[in-house]
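First the structure, then my questions, so here it is.
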Amino acid sequence: MDLFVIDSDSESYSGTSDSEDQECEFTDHAQSILSSLDESIGKIDDFLTFERGFLHGDIVCPVSDPSGQLGRVVGVEMFVDLETYSGDIIEDVNSKQLSRVRSFVSGDCVVMGPWMGRVIRAFDLVTVVFSDGAKCEMLLRDSEVLKPIPPFIFEDAPYFYYPSQRVRIVHPSVSKSGTWLSGSWRASRDEGVVSHVDVGLVHVNWITSVANVWGDRSSSPPNFQDPKNLTLLSCFPYANWQLGDWCTLSAGHDGSLPSEDRKCSRYSQTYVVAKTKSTFDVLWQNGSISLGLEPYILAPVSTPGDHDFWPGQFVLEKLAVEEAAERQRIGIVRNVDALERTVNVKWIVPVDDDIVRYGSDPTEETVSAYELVEHPDFSFCTGEVVIRSALNIDKSEADLTNGTMTVSRKSLDTSSGFLSCIGNVLGYKDDGIEVQWASGVISKAQHFEIIGLERLLDNSLESVNEVHTSVDDEAEQETIHHESTKNALEESGEDCTGSLRNAFYFSKTAFDFLTNVASSFFGAHDSTSSSSITADPQYQIVKSADLHSSAEEFSVVELVMQTEKPQLPSENDVKIFDVVVDCSDHHFVKERGHENVKRGWLKKIQQEWTILQNDLPDDIHVRVYEERMDLLRACIVGAAGTPYHDNLFFFDIFFPPDYPHEPPSVHYHSGGLRLNPNLYETGKALVLNEKPYFNEAGYDKFVGKADGEKNSITYNENAFLLSCKSMMYILHKPPKHFEKFVKEHFTCRAPHILEACNAYLGGDLIGHARDSTYISDDGCKGCSTGFKIMLGKLLPKLVAAFCEAGIACGQ
C-alpha cells in the first residue's frame, strides 16, 4: 500500500507529470501555429491593403457606386517601407526621396539635342574594390567576363551586379583595360567586392527629331552613347514604385540606418521596397476633386464608354455626313453628368481656324454626350510624349509669367535648348495642356502648339501603308473569308476549333449563308451564359430542299445545265427574290473570275437561286444578277427588341469561282455609320442583338457587371440614334433594285418607328417601347436626358426624310 502513497507536497507522480508535459507541449505548439497564422494573415492583409495601386491618368469609380460617375487619378502620394541588406526596416519614407538603382534601363525615353529615342540596352559600369584597397572601374558588355561568387546575397536580384557582391574576374583583360581609381593593374587581383554600379554605355534607337517635325532635316546621332550626353524623359517617377523594387535613398537618411548597415558605408546602399501605402487625388466627371482618397474605396475601370468625357478634354461637335462641309466647332469640356449623359461644353473655335479665339464671353452650352466626339488631334493622355510643333521666335527668352513658355531660335543654338521642345503631358489645365519638358520646367501649352509622338509616327507610316494597300486589302479579304466560314460553322453547330482549311470544304448553300447571317445578325445572349448566342426565333427556318453535303459532287460531276430561270412572283408585288440586270453599283462588280467558272459551279448557283426563291422569310430580301451570277445583294430587316428594330441592312455578296470550297465575301452598306462593334463595312462578324456592346472581342466577360451593363445601355442609345441616321441615308439613297421595297417597308413601319421614338422620349428603354415594366440589368428604368436631347434634334429630320419620300407621317 505504501507504494501507492503520494506525498501531498509533491508536484505529481510520474504519470501525471508526463501528461502535463504533453499538454504543455501541445499548448505551446498550438500557440506557435496561431502566432504563425496571425503573422500570415497580417502579411495577407498588408498585401491586399497596399498592393492595389493606381497611376496618374488611371480611370476609377467609387466601390460604393460602380455604375455612377467615373474619375481620373490626377495626384498620387506614396510612402514606402524599405528593407535593408540585414533585414531591418526603414518605415514611412516618402517615395519622392527614392532614386532608381540604374540611371537608364531598357525602354526609357531619352533626349539628346533635337533627337528623341528609346533605350534598347544599358551596359553596366562596375566598380570593384580589392582586398588590398585597390579600386577598378570596368565597363562590361559581356556578363561572362565578371562572375559573381557564392554565397549570393540575393537569390532573385533584378540586376546582375549590385553593391556588396563578391565577384571574380574571368578575363584579366577587362580589368587591365579598366580605369584604376586606386592602385594599378595586377594579374593577381582577380577577386573583389562590387562597391558601386551605374550605367557606362547606352544603346539607343533614335525615333525622331524636333527638326524633322519642323520640316528640317538632321542626321541621327550614333546609337551608342555616353549616358552623360542623355537626358531621361520621365514624369511621375515617384508614383511607380512597386513591392520588390530596388532603390537608393537621397542624402539625409544615413542616420536612420542600423549600425550593421553603416559599417558598409564604402559601398552604395541599396534597398528593397517592402511595403507601399498610397493615397490618391481624383478628378470626377462632374468637375469636383477629391483629395487623399484611400485605395480601398476606389475600383479600377478598364473599359470606359465611348461617350465618357472629362473636364478639360477637347471635343468636336459631331456632324452628319451631309453637314461635313460646314464649320465644325471645337469645345472644351467643363463638366459631365454621367447619369444623364449630358456635357457642359465651352465652344472655342471652328475647326478650320488656325488661331484660337476664346473671346471675352465664349459660348457655353449643355449638350448630349452623343453629339460629341473626342478631338482626334487635340486629345492627349497623361504621360504621353509630345513635341513642340510651333515656336514663338519674337522673344529671346522663356516667359513663364502666365504659365506658358515660348522658345526662341537663339536658345536652340545649343543642344540643351531642345530640352524645352520635348516633354510629357501632365494633364489638362486652364483650357490648355500642362507639360513637363525634358528640361524639368513645367508650363502650359495650347493644343495647337504640340503634337503627340504616337500620332506623329502614325502619320509618317501612312505613306508606307499606302504602298501596301492592295496587299493589305487582299489579306483582309482573306480574313473576312475565314471569319465568315467560322461564323457559319458556329451557327450550324459544327466544331470550328480545328483547321479553318478543313472548314472551307464544308458545304454551305447561299440560303444557309443568308439565314445564318440573319440568325446571328440579331442573335440574343443566352441568359445562362455570357458567351453563348442563340438565334432569334423568327429566323429558325427549315429548308424545303435537301442538298448534297459534299461540295465535290457539285464541282466535278458532269450535270445537265438548267436553262430556265426560277418562277418569279407577279410584277405587282415587291419581290422577296428577284433576278435583275445592271450590277453597276455592286461593291464587288470589279471582281474577276466569273468568266471561266466550272459547269458545276453554275449548277450550284442556279440550285441555290431556286432555294432562295422558295424558302426566304419575309425579313430577308434578295436580288441576283442575270449577267453576273457570282454577285448577290441581300437586305435584312432589323429585329424587334434590338436597337436596330425596323431598319434595313444591305449587304453585297460575292461568290468566288471556288465556291463552296471558298466562302463568300461580304460588304455592308454602312453609309459611313458603324452601328455595331462587329458590323464593319466588310460584313465581318455580323451580330446585331439586344446588347450589341458585348459583341466586341473580350467584352463578353463584362456581362452582368455594373460598368459593363452601364456601357451597354449607353451603347444601345447611341446605336438607335445611328440607326435613325441610317434610315435617313437609305431613304435618300436606296440601293439599286430595292427602291420600291425601301419605300413600301418604311411606309408600313414609319408609324411604328415614330411611335417608338415618342416612347423613348418619354423614358422607355431602347428596344422596349411601351414596356414601362422593363428594367435593365444595371437597374436603369429609362433613357438618359442626353439621349432625349439628341433624339429630339434628330426626330424632325427623320420625319422630314419620310415626308420627302412620300411617306405620310400623320401628326
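The values are calculated or read from the model by the stated rules, or taken from the named source; none is laboratory data. Keep in mind the model is a prediction, meaning the values are calculated, not measured. Don't worry about glycine lacking a Cβ; one is built from the backbone with ideal geometry, like all the others, and counts go over all protein chains shown. Side chains included, ligands, DNA and RNA excluded: accessible areas come from the protein's heavy atoms. Shrake-Rupley method; radii C 1.70, N 1.55, O 1.52, S 1.80 Å.
Please work out the average accessible area per residue across segment 111-222, using the 1.4 Å probe convention, and give it in Å².
Each residue of segment 111-222 exposes 50 Å² on average to a 1.4 Å probe.
Per 0.36 nm of contour for each residue apart, how much would the distance between residue 279 and residue 89 grow if the chain were fully extended, relative to their Cα-Cα spacing?
66.3 nm
Can you compute log10 of I(q)/I(0) for segment 111-222 with the Debye formula, treating each Cα as one identical point scatterer, at q = 0.11, 0.15, 0.16 Å⁻¹?
Debye curve over Cα of segment 111-222, log10 I(q)/I(0) at q = 0.11, 0.15, 0.16 Å⁻¹: -0.47, -0.69, -0.74.
Per-residue HN-Hα couplings for segment 158-163, Karplus 6.51 cos²θ - 1.76 cosθ + 1.60 at θ = phi - 60°, whole Hz, x for Gly and Pro?
Working through the residues one at a time gives x, 10, 6, 10, 7, x Hz.
Residue 120 versus residue 457, label points 7 Å from Cα toward the beta carbon: distance in nm?
1.5
Once you put a point 7 Å from the Cα of residue 226 and another 7 Å from the Cα of residue 626, both along the Cβ direction, what distance in nm separates them?
Going from the residue 226 label point to the residue 626 one covers 8.5 nm.
How would 217, 341, 334, 121 rank on accessible area, largest to smallest, probe 1.4 Å?
My answer, sorted largest first, is 217, 121, 334, 341.
Which entries in 710/793; 575/788; 346/788; 736/797 show an alpha-carbon gap greater than 27 Å?
Among 710/793; 575/788; 346/788; 736/797, the Cα-Cα distance tops 27 Å for 575/788.
Sequence-distant or interchain residues sharing an amide H contact under 5 Å with residue 372, placed H: which?
For residue 372, whose amide H was placed from the backbone, the distant partners under 5 Å are 318.
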